[in-house]
Amino acid sequence: MPEPRYDIIAIDIDGTLFDSSGQVSEANIAALADARRAGIEIVLCTGRGYPESVDAVHAVGAHHPSKGRNVAPIVVSGGAMIVDAAAGKTMHRWAIPQDLVQGVCALFASMRRAPLLLKDRDAAGFDYLVIKTGPIEPPTEWWFNVMPVEVRYVDRLDQDEHPEHTVRVGFAAHHETMVELATKVRDQFGRDATIHHFAAVSSGGAPVNGATEAEARRGGKDRTIQLLEVFNPSVSKWTAIHRLALEQQVPRERVCAIGDEVNDVAMIEGAGLGIAMANAIAPVKAAAEIETRSNDDDGVAYAIEQILSGAW
């Protein structure tokens with residue numbers, strides 16, 4: 001086996017590592033283990049918060065540090081945080097400026113919508129603060145019911161006891177509900193924030209009763225349900241991966257990234273080798289240098305096989 005060209009492979013979860021039913025295939029698990037044995041550090045990079053990523057983390061052993069390392073970093077919350085999965089502790093965080101949070105939440109209130117403020121659990125002690133300026137949407141109810149997250153509710157933003165620990169303001173709803181809100185958020189805050197708007201993970205109406213916890217959490221991307229996320233303007237998955245690479249003195253050329261969604265574009269562009277899934281959206285494919293198979297055809301495993309063989 002030739003010497004690998006890459007020291008770090010950054011891998012998205014939903015639509016990339018997970019198949020369309022929200023599971024990690026045996027082929028992907030085996031391929032990641034092969035990459036680690038070859039000396040490559042695998043870093044999961046997801047829009048999910050850390051507790052929401054636990055199934056993927058444990059499925060591929062991402063909580064075990066790579067050889068020579070005493071931490072197991074994963075990038076979560078769309079790049080707003082780096083967490084040591086071995087200890088469950090925050091390594092780095094890019095909080096949202098409080099005036100930006102105030103402005104976004106004021107817009108939500110004017111439209112009778114309930115913003116979801118994602119917190120750094122390690123610092124704040126909980127995951128989501130919901131400002132009750134509107135109804136809780138069904139996709140959010142499902143997410144809160146099946147994910148191992150602690151949620152708190154307040155009537156007004158000034159009741160937030162931990163404003164400094166907010167890393168994202170988000171909202172999940174059916175497409176029809178999201179259209180006007182997303183447009184107004186982009187128009188008002190597009191120059192002052194990183195904003196992502198993309199398909200959410202949903203159960204597709206699958207029953208929860210009688211399922212195991214892991215089974216209940218499974219779901220695929222549903223284009224009829226949308227996520228809207230607002231971050232610190234410096235946030236991206238690439239910002240986080242680049243920081244990890246700099247700390248280890250790994251040059252950009254020795255970083256590989258694999259993804260499928262709009263929040264993967266920055267890391268696909270920034271990495272020495274950007275790989276798009278066959279099921280990726282058009283902007284990801286345009287940013288990538290090469291395309292692998294789909295997430296339902298073990299695309300991550302195929303990409304790693306090509307990397308380890310020296311073909312890529």
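The values are calculated or read from the model by the stated rules, or taken from the named source; none is laboratory data. Since we're looking at a predicted model, the values are computed, not measured. Here the Cβ is made from the backbone with ideal geometry for all residues, glycine too, and neighbour counts use every protein chain on show.
For (1) under 26 Å from residue 124 (Cβ atoms); (2) basic (Lys, Arg); (3) modelled with pLDDT of 95 or more, each residue gets a yes or a no:
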residue	(1), (2), (3)
6	no, no, yes
16	no, no, yes
23	no, no, no
35	no, no, yes
48	yes, yes, yes
62	yes, no, yes
### Task
Would you mind finding the one in 173, 214 that is at pLDDT below 95, of a type outside the set (Asp, Glu) and farther than 30 Å from residue 32 by Cα?
173
### Task
Name the one entry in 201, 208 that is outside any helix (DSSP H, G or I), over 22 Å from residue 79 (Cβ atoms), at pLDDT below 90 and β-branched (Val, Ile, Thr).
208
### Query
Within the stretch 288-312, which residues are among the small types (Gly, Ala, Ser), assigned to a helix (DSSP H, G or I) and surrounded by 15 or more Cβ atoms within 10 Å (Cβ to Cβ)?
299, 301, 303
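Residues that are within 21 Å of the chain's Cα centre (by Cα) and not assigned by TED's automatic domain parsing to the domain that holds residue 63, at least 3 per element: which strands (runs of 3 or more DSSP E) completely within the stretch 90-175 meet that? Break it down into steps so the answer makes sense when it comes.
Details: elements: 116-119, 128-131, 151-154, 166-174.
In the stretch 90-175, 116-119, 128-131, 166-174 are the strands (runs of 3 or more DSSP E) which contain 3 or more residues that are within 21 Å of the chain's Cα centre (by Cα) and not assigned by TED's automatic domain parsing to the domain that holds residue 63.
Residue-by-condition table, conditions (1) modelled with pLDDT under 95; (2) of a type in the set (A, V, I, L, M, F, W, C):
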position	(1), (2)
68	yes, no
72	no, yes
78	no, no
81	no, yes
97	no, no
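Looking at 265, 235, which is the one that is surrounded by 18 or more Cβ atoms within 10 Å (Cβ to Cβ), assigned to a helix (DSSP H, G or I) and modelled with pLDDT of 95 or more? I'd like the intermediate steps shown before the answer.
On the way: 235 fails: assigned to a helix (DSSP H, G or I).
The unique qualifying residue is 265.
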### Task
For the stretch 272-287, name all the residues that are buried (at least 24 other Cβ atoms within 10 Å of the Cβ), assigned to a loop (DSSP other than H, G, I, E, B) and touching a helix residue (DSSP H, G or I) at 6+ places or on another chain (Cβ under 7 Å).
277
### Task
Please state which one of 66, 53 is in the same structural domain as residue 295 (by TED's automatic domain parsing), of a type in the set (Gly, Ala, Ser) and surrounded by fewer than 23 Cβ atoms within 10 Å (Cβ to Cβ).
66
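Whether any residue in the stretch 78-95 is polar (S, T, N, Q), surrounded by fewer than 23 Cβ atoms within 10 Å (Cβ to Cβ), touching an Asp or Glu at 6+ places or on another chain (Cβ under 8 Å) and under 23 Å from residue 187 (Cα atoms) is what I want to check. I'd like the intermediate steps shown before the answer.
Here is the first cut: in the stretch 78-95, the residues polar (S, T, N, Q) are 90.
Still in the list and also surrounded by fewer than 23 Cβ atoms within 10 Å (Cβ to Cβ): 90.
Within this subset, residues satisfying the condition of being touching an Asp or Glu at 6+ places or on another chain (Cβ under 8 Å) are 90.
Now narrow it down to the ones that are under 23 Å from residue 187 (Cα atoms): none.
No; the residues of the stretch 78-95 include none that is polar (S, T, N, Q), surrounded by fewer than 23 Cβ atoms within 10 Å (Cβ to Cβ), touching an Asp or Glu at 6+ places or on another chain (Cβ under 8 Å) and under 23 Å from residue 187 (Cα atoms).
Just need a number here: residues in the stretch 97-114 that are without any contact (Cβ under 8 Å) to a residue 60 or more places away in the chain and of a type outside the set (Asp, Glu).
At the first step, the residues of the stretch 97-114 found to be without any contact (Cβ under 8 Å) to a residue 60 or more places away in the chain are 99, 102, 106, 109-110, 112, 114.
Next cut, of a type outside the set (Asp, Glu) only: 102, 106, 109-110, 112, 114.
Selection size over the stretch 97-114: 6.
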### Message
Looking at (1) touching a helix residue (DSSP H, G or I) at 6+ places or on another chain (Cβ under 7 Å); (2) closer than 22 Å to residue 236 by Cα; (3) among the acidic types (Asp, Glu), which one does residue 55 not meet, given that it meets all the others?
### Response
(2)
### Task
Give just the number: which of (1) under 30 Å from residue 177 (Cβ atoms); (2) not assigned by TED's automatic domain parsing to the domain that holds residue 102 does residue 291 not satisfy?
(1)
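Residues checked against (1) touching a strand residue (DSSP E or B) at 6+ places or on another chain (Cβ under 6 Å); (2) part of a helix (DSSP H, G or I):
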| position | (1), (2) |
| --- | --- |
| 28 | no, yes |
| 44 | yes, no |
| 47 | no, no |
| 52 | no, yes |
| 57 | no, yes |
| 65 | no, no |
### Message
Please verify whether residue 250 is farther than 11 Å from residue 10 by Cβ, of a type outside the set (Ser, Thr, Tyr), in contact with a helix residue (DSSP H, G or I) (Cβ under 9 Å, 6 or more places away or on another chain) and surrounded by fewer than 24 Cβ atoms within 10 Å (Cβ to Cβ), treating the condition exactly as stated.
### Response
yes
